[in-house]
Every structure is written in structure tokens, then in C-alpha cells.
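Asker: Take a look at this one; I'll ask things after.
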Amino acid sequence: MSIIEAIILGIVQGLTEFLPVSSSGHLVLLQKVFNIEEGALTFDIALHFATLLAVVVVYRKKIFEMLRNPFSKLPLYIIVGTIPIAVLGLLLNDLVESIFETGSTLGTGFIFTGLVLMYAESTGEKSKNIEQMGIKDPLLIGTSQAIAMLPAVSRSGMTISTALALGIERKTAADFSFLLSIPAILGAVVVDLYKVVKTGGSGLAAIGTAQFAAGMIFAAVSGFIAVKFMISLIQKKKLKYFSYYLWIIGALVLADQLFLHIFF
């Protein structure tokens, strides 16, 4: 992997982790384009850790507030929202991994996410804040996050769309989605790191130290920008534009999977 490829992957990971277009789907696509296999999992871990740092920096004040008030509604709802992905992640991890390896659902995953985003924008009044949310709200949002384990189904797209469909106010929907991503990303990093240690390989030599550093720096910076940008877009009701993008890229991937077979 060259430095330029590492930077491109870092930027794409940072942007797509928080924009509702699926970071997993885009990374699978780019790794196919660049023909990256050896050390790919270790590099993915590094990029995910970098995006984790980005969202922690953006929400540092809210995180400190939750630590000071651990029994308030927000930290409770983050815990409730994390339960579905923790349970389903443990039960279905091998199945999801096998789907990732084939990439067979990438096209449909992109198109599905686009449909979900378009539906969320078409729903009615969105006025509930954290204090007005009931326990079912974080549970449903968390379940949608678990569905996003599938390739090309966007985690942020699913959680934000579900929150909006439940009538949650736009800024609150964005904040809750990004805060909910912290334990999800951290859990994914820990699980994948365990796999690397278990197999006895780091992947650092295959990718290169400079490539790791470049990828992580650009993932963190682009992730920080993406979170800020996404909060603004949600409030301005611009999610439908991501739907158009996802339908186009989904159609292109499906065309390759079914007919062209250039990458799949």
C-alpha cells in the first residue's frame, strides 16, 4: 500500500463513518480497487480507532457531563441503545464476516440505506428531546444500529433515520447517533484487535508504519469535519441528497456484481 492509498482510505473512512453512506461499504470497495488484502484488518482497526478519537473530541463536553451524571437519561439510553449490537454482534459475527468476504450484498446495502434516509426525511414532526424519549426509543435506534452490521448499510444513516422516524428532534437525533457510535466503534476495535492477536499477525509490516500514521491522521481529521458537517446537514433537512448518491453507487456496484465482474 502506498502513502497516497493510505491517505485516500483514511479520508474515506473518516468521512463515511459519520456521513450516512456506509464506511464499511466504501472501504470494501476501495480495498477491491487497490487490491489490498494482506494487513487489511489491522489497517481497518487503526482507521476505526482514529475516527473514534474524532467523535470523542467533538463530544468531549457531553461525555464529561455524562461521567459527572452517570444516572441521568442520556448515559442510560446510550447503554440501552448499545445492547442490541452487543448481543447480535456476538451471535452473528461469523455470518456477517462471511457476507463481508464475498461482498455480495454491497449494492443492495447501499440502495437500502438510501431508501431509509428518504423515508426518514418524509416523516412528520420531530420535536422530542432526550428528556421526552422513552426507553423504547434508544432500543429501536440501537436495533437499527445492529442492522448496520451488514455491508454497505450505514450505521449513522440507520440510527439518525430511526431517531427522526420516532419524532426525535434533529439535533438530538444527530447527537444521540454519534454518541451511540462510541461504544459501537470501540467494541468493533476490541473484537478485531483480538482476531489479529489470535492469528499472530499485526499487519504493520505488510502495510507500513508511515502508511498507518498517514491513514490514521487523515481519518481523524476528516472524521472530525464529517461530524460537524453532518450535524448541520441534518438540521437543514439535506439527507435526501445522500439517498441519490447511494442509489447511484448501489446501481453501479450491482451492475458490476451481476454483469461486468471487474471488481466482484
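Asker: Sort out which residues of the stretch 246-261 are surrounded by fewer than 16 Cβ atoms within 10 Å (Cβ to Cβ) and in a helix (DSSP H, G or I), and write them in order of number.
Answerer: Selection gives I248, A251, L252, A255, L258, F259, L260.
Asker: For the stretch 55-112, name all the residues that are in contact with an Asp or Glu (Cβ under 9 Å, 6 or more places away or on another chain) and of a type in the set (G, A, S).
Answerer: S72, G81, G107 - these are the residues of the stretch 55-112 that are in contact with an Asp or Glu (Cβ under 9 Å, 6 or more places away or on another chain) and of a type in the set (G, A, S).
Asker: If you don't mind, another one. Give the residues of the stretch 4-56 that are modelled with pLDDT under 85, small (G, A, S) and on the phi > 0 side of the Ramachandran plot, sorted by residue number.
Answerer: G39
Asker: Right, here's the next one. Every residue in the stretch 59-107 that is closer than 24 Å to L27 by Cα, in a helix (DSSP H, G or I) and β-branched (V, I, T), please.
Answerer: T82, I85, V96, I99, T102
Residues are listed down the side, and each one gets a yes or a no for (1) in contact (Cβ under 8 Å) with a residue 40 or more places away in the chain; (2) of a type in the set (F, W, Y); (3) in contact with a Cys (Cβ under 6 Å, 6 or more places away or on another chain):
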residue: S161; (1), (2), (3): yes, no, no
residue: E169; (1), (2), (3): yes, no, no
residue: Y194; (1), (2), (3): no, yes, no
residue: A210; (1), (2), (3): yes, no, no
residue: F218; (1), (2), (3): yes, yes, no
residue: K237; (1), (2), (3): yes, no, no
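Asker: Something else about it: Evaluate the stretch 108-116: report whether one residue or more is at pLDDT below 95 and either in contact with a strand residue (DSSP E or B) (Cβ under 9 Å, 6 or more places away or on another chain) or assigned to a helix (DSSP H, G or I) (or both).
Answerer: Scanning the stretch 108-116 turns up at least one residue that is at pLDDT below 95 and either in contact with a strand residue (DSSP E or B) (Cβ under 9 Å, 6 or more places away or on another chain) or assigned to a helix (DSSP H, G or I) (or both).
Asker: Mind telling me which of the residues Y77, Y119 ends up being surrounded by fewer than 21 Cβ atoms within 10 Å (Cβ to Cβ), closer than 18 Å to I160 by Cβ and more than 17 Å from the chain's Cα centre (by Cα)?
Answerer: On the way: Y77 fails: surrounded by fewer than 21 Cβ atoms within 10 Å (Cβ to Cβ).
So the residue among Y77, Y119 that is surrounded by fewer than 21 Cβ atoms within 10 Å (Cβ to Cβ), closer than 18 Å to I160 by Cβ and more than 17 Å from the chain's Cα centre (by Cα) is Y119.
Asker: Check the stretch 190-207 and report whether any residue there is of a type in the set (D, E) and at pLDDT below 95.
Answerer: Yes.
Asker: Quick test for you: out of S232, S181, pick the one residue that is surrounded by 14 or more Cβ atoms within 10 Å (Cβ to Cβ) and among the small types (G, A, S).
Answerer: Just a single option satisfies the conditions, and that option is S181.
This table checks each residue for (1) in a helix (DSSP H, G or I); (2) out of contact with any Asp or Glu (no Cβ under 8 Å at 6 or more places or on another chain); (3) of a type in the set (F, W, Y).
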| site | (1), (2), (3) |
| --- | --- |
| V196 | yes, yes, no |
| A213 | yes, yes, no |
| G223 | yes, no, no |
| K228 | yes, yes, no |
| Y241 | yes, yes, yes |
| F263 | no, no, yes |
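Asker: Quick one: how many residues across the stretch 38-73 are more than 23 Å from V190 (Cβ to Cβ), in contact with a helix residue (DSSP H, G or I) (Cβ under 9 Å, 6 or more places away or on another chain) and either buried (at least 20 other Cβ atoms within 10 Å of the Cβ) or not small (G, A, S) (or both)?
Answerer: 3
The values are calculated or read from the model by the stated rules, or taken from the named source; none is laboratory data. Keep in mind that this is a model prediction, so the values were computed, not measured. Quick reminder, even Gly has a Cβ in these numbers, built from the backbone with ideal geometry, and neighbours come from all protein chains shown.
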